[in-house]
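Have a look at the structure below, then the notes.
The values are calculated or read from the model by the stated rules, or taken from the named source; none is laboratory data. Small disclaimer: the values here were computed from a predicted structure and weren't measured. Cβ placement follows ideal geometry from the backbone for every residue including glycine, while neighbour counts extend to all protein chains displayed.
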Amino acid sequence: MPQIAIFSNEQLSKTELGNQLRALRLHSLHESSNFAVSVLLEFKVKDRYVYIGGVNVENDENNRLSLHAEQNAIAAARALLGSDAIFTRVFPMGGPKEVGPGKDPRANVFIDLCGHCRQILLPFAAENNKRHMVTINGAISDGKSIQELLPNAFSDKGLKDEKYPHPLPMTLFNSKSKAPFSPLYFFTRDVQPNLDHNDIHSLLQTLLPKLIDPQWETSKIRTCILKINSRYVPGVLMQDAAFLPTTALHAALGFGITSMGLAKLNVQEVHLYGLPNAKLEDNELGAIRRFAQNDVPIHFYTSHGLARSYNLTVYKQEQDKAWLEKYAPMYSVLLSNSKI
Ligand SMILES: [Zn+2]
């Protein structure tokens with residue numbers, strides 16, 4: 001079973017990179033494209049190398065909500081490493097799902113980062129970063145930097161995001177949090193203890209979202225912890241200068257699918273941290289329902305602690321009722337004026 005994070009005192013060898021990427025590809029959810037992609041991002045944290053993986057997670061109901069492997073990997077890295085999530089190298093591998101290593105000529109094809117992923121990776125690229133494509137048979141291309149792949153980029157730096165106030169003080173999300181464990185330590189350990197609401201609240205606050213500006217807010221949910229197959233997995237809201245956001249919930253699901261694959265995937269608990277009026281969108285509820293075998297509990301937390309709890313079906317009913325109360329009068333006017 002591939003691990004979402006690998007720790008090493010030395011850089012992984014070509015063989016190790018190929019093996020890990022091929023193992024990760026088996027976890028890809030490629031229902032629209034039938035193209036299985038995996039990626040590894042390399043980070044230097046203190047004097048160790050950390051490799052964090054991702055796979056594509058497609059959504060055949062709405063492709064706009066699919067995760068690319070690189071997007072999935074950088075969201076996982078941000079959740080695990082916080083502000084240390086600055087990658088030095090990125091290794092993509094991909095091909096039709098049925099292609100494994102061997103004589104098939106498609107196993108010798110390099111696939112590159114798409115434009116969407118170049119944009120998403122750019123704010124997290126170290127100065128001397130390199131992208132090396134890896135074929136399914138394990139050949140590795142020469143390196144190019146993300147900046148070379150995306151010249152004249154529109155970036156966070158152009159927006160000078162530091163000058164904008166954050167809707168939640170960023171001090172809520174820092175390493176001085178009273179969380180019992182660091183995210184990197186906790187979410188990558190083989191055996192995790194059960195957490196109570198206080199532990200989860202602390203961990204949710206320790207996770208570091210990537211925010212740009214409240215004026216362009218894409219979600220009031222900033223961080224997420226899912227319990228999947230008895231393991232806790234994290235996700236953070238990822239905003240991008242070019243409006244390519246990833247919600248904390250989709251990031252956590254992507255983390256779970258990368259690390260556990262799809263076989264018997266069962267979402268058991270949903271924990272969400274954000275503003276008091278945070279809510280889940282329909283597409284997020286659909287994603288939970290798709291991977292949950294039961295009527296899962298959904299817990300909302302704010303900086304003060306646990307604020308609201310529901311079961312999925314009750315939450316969906318309340319959301320639908322609120323939507324009808326807000327919009328039904330408007331629709332009834334539109335309908336009564338219509339000539340149809
Ligand atoms: Zn992509």
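Looking only at the range 110-143, residues that are within 16 Å of the ligand (Cβ to nearest atom) and without any contact (Cβ under 8 Å) to a residue 40 or more places away in the chain come to 6 in all.
Residues in the range 187-219 that are of a type in the set (S, T, N, Q) and free of Cβ contacts under 8 Å to residues at least 24 places away in the same chain: ASN194 only.
Picking from PRO193, PRO123, PRO167, PRO180, which residue would you name as being surrounded by 15 or more Cβ atoms within 10 Å (Cβ to Cβ) and either touching a Pro at 6+ places or on another chain (Cβ under 7 Å) or at pLDDT below 95 (or both)? Going through PRO193, PRO123, PRO167, PRO180 in turn, just one is surrounded by 15 or more Cβ atoms within 10 Å (Cβ to Cβ) and either touching a Pro at 6+ places or on another chain (Cβ under 7 Å) or at pLDDT below 95 (or both): PRO123. What pairs can you find where one residue is in the range 59-88 and closer than 17 Å to PRO123 by Cα, the other is within 11 Å of the ligand (Cβ to nearest atom) and of a type in the set (S, T, N, Q), and their Cβ atoms are less than 7 Å apart, with a gap of 6+ or different chains? The qualifying pairs are HIS68/ASN56; ALA69/ASN56. Among all positions in the range 209-219, there is at least one residue which is touching a Phe, Trp or Tyr at 6+ places or on another chain (Cβ under 6 Å) and either part of a loop (DSSP other than H, G, I, E, B) or not hydroxyl-bearing (Ser, Thr, Tyr) (or both). Out of curiosity, is PHE91 within 25 Å of ALA153 (Cβ to Cβ), within 16 Å of the ligand (Cβ to nearest atom) and part of a strand (DSSP E or B)? It is true that PHE91 is within 25 Å of ALA153 (Cβ to Cβ), within 16 Å of the ligand (Cβ to nearest atom) and part of a strand (DSSP E or B). Restricting the search to strands (runs of 3 or more DSSP E) fully inside the range 266-320 and requiring at least 1 residues that are in contact (Cβ under 8 Å) with a residue 12 or more places away in the chain and within 18 Å of THR218 (Cβ to Cβ) gives 267-274, 297-302.
Only residues that are crowded, with 17+ Cβ neighbours inside 10 Å, over 13 Å from LEU306 (Cβ atoms), of a type outside the set (A, V, I, L, M) and out of contact with any strand residue (DSSP E or B) (no Cβ under 7 Å at 6 or more places or on another chain): list them for the range 196-217, please. Listed by number, the list holds a single entry, THR206.
Among what's in the range 1-50 and is of a type in the set (Gly, Ala, Ser) and part of a helix (DSSP H, G or I), pick the residue that is farthest from PRO234 (Cα to Cα). Taking the candidates together, the pick is GLY18. Here the range 61-75 is the region considered, the condition is being charged (D, E, K, R) and part of a helix (DSSP H, G or I), and the residue that is farthest from the ligand (Cβ to nearest atom) is ARG64. Residues being in contact with a Lys or Arg (Cβ under 6 Å, 6 or more places away or on another chain) and outside any strand (DSSP E or B) are entirely absent from the range 51-60.
A residue that is in contact with a His (Cβ under 7 Å, 6 or more places away or on another chain), in a helix (DSSP H, G or I) and farther than 18 Å from ARG189 by Cβ cannot be found anywhere in the range 245-254.
If you check SER13 against the conditions, is it free of Cβ contacts under 8 Å to residues at least 24 places away in the same chain and more than 16 Å from the ligand (Cβ to nearest atom)?
Yes.
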